[in-house]
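Trainee: First the structure, then my questions, so here it is.
What follows is calculated from the coordinates using simple rules that are stated; it is not laboratory data. No experiment lies behind these values; they were computed from the predicted model shown. Positions of Cβ are generated from backbone atoms using ideal geometry, with glycine treated the same way; all protein chains shown enter the neighbour counts.
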Amino acid sequence: MSSDLRIGSIVLNVSDVARAMAFWMPALDYEPRYEPEPDWAILQPRGEVGPNLSLNLGETRPAPAPHLHLDLYARDQAREVDRLVGLGARRVDDWPYPAEAHDFVVLEDPDGNRFCVIDASGA
């Protein structure tokens with residue numbers, strides 16, 4: 001029996017919805033799905049292919065080693081990391097990278113939500 005479920009939206013708790021929108025919209029080339037509210041916004045990919053990213057005003061801080069995070073695939077990882085840092089992301093230098101791990105860089109958004117930029121140049 002197949003399921004009718006799909007990932008419709010990934011929700012991030014943020015301390016400032018407008019600031020999070022200012023980062024994530026250009027980072028992913030997303031746009032608001034509806035008129036954003038001060039405590040909630042749904043961003044969708046231009047062309048509507050892929051999951052939404054919802055931004056929820058919250059007071060909790062992200063965990064340093066989150067149970068769930070985004071993996072963003074890039075054909076030119078170094079260029080994308082530099083671009084994201086220019087938008088306000090920060091490198092996570094204290095991440096325990098395994099010696100054999102050369103295909104990902106850990107960053108965090110302005111709210112401290114951690115995500116990886118994966119080298120997908122060989123994919």
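Trainee: Please work out, to two decimal places, the log10 of the ratio I(q)/I(0) at q = 0.17 Å⁻¹ from a Debye calculation in which every Cα of the chain carries one identical scatterer.
Mentor: At q = 0.17 Å⁻¹ the computed log10 ratios are -0.92.
Trainee: Using packing as a proxy for protection, rank 1-12, 66-77, 16-27 so that the peptide with the highest average count of other Cβ atoms within 10 Å comes first.
Mentor: So the peptides 1-12, 66-77, 16-27, ranked by packing, come out 16-27, 66-77, 1-12.
Trainee: Under the rule of -39500 (n - 2.57) per DSSP H run of 4 or more residues, summed and divided by the residues of the chain, what mean residue ellipticity at 222 nm is obtained, to the nearest 500 deg cm²/dmol? Walk me through the numbers before you get to the answer.
Mentor: Working: 2 runs with 23 residues, N = 123.
It lands at -5500 deg cm²/dmol.
Trainee: Next up: So how do 52-58, 93-99 stack up, highest first, on mean other-Cβ count within 10 Å?
Mentor: 52-58, 93-99
Trainee: Across all directions of projection, what mean area in square nanometres is found for the Cα convex hull of the range 62-123?
Mentor: Mean shadow area of the hull around the Cα atoms is 4.3 nm².
Trainee: Figure the gain on full extension for L5 and E37 (residue separation times 0.36 nm, minus the Cα-Cα span) and round it to one decimal in nm.
Mentor: Using 0.36 nm per residue and subtracting the Cα-Cα distance, I get 8.8 nm.
Trainee: What are the ³J(HN,Hα) couplings of the range 85-91, residue after residue, when phi is run through the Karplus curve with 6.51, -1.76, 1.60 and θ = phi - 60°? Round to Hz, x for glycine and proline.
Mentor: For the range 85-91, the Karplus-derived couplings read 4, x, 7, x, 6, 10, 6 Hz, x marking Gly and Pro.
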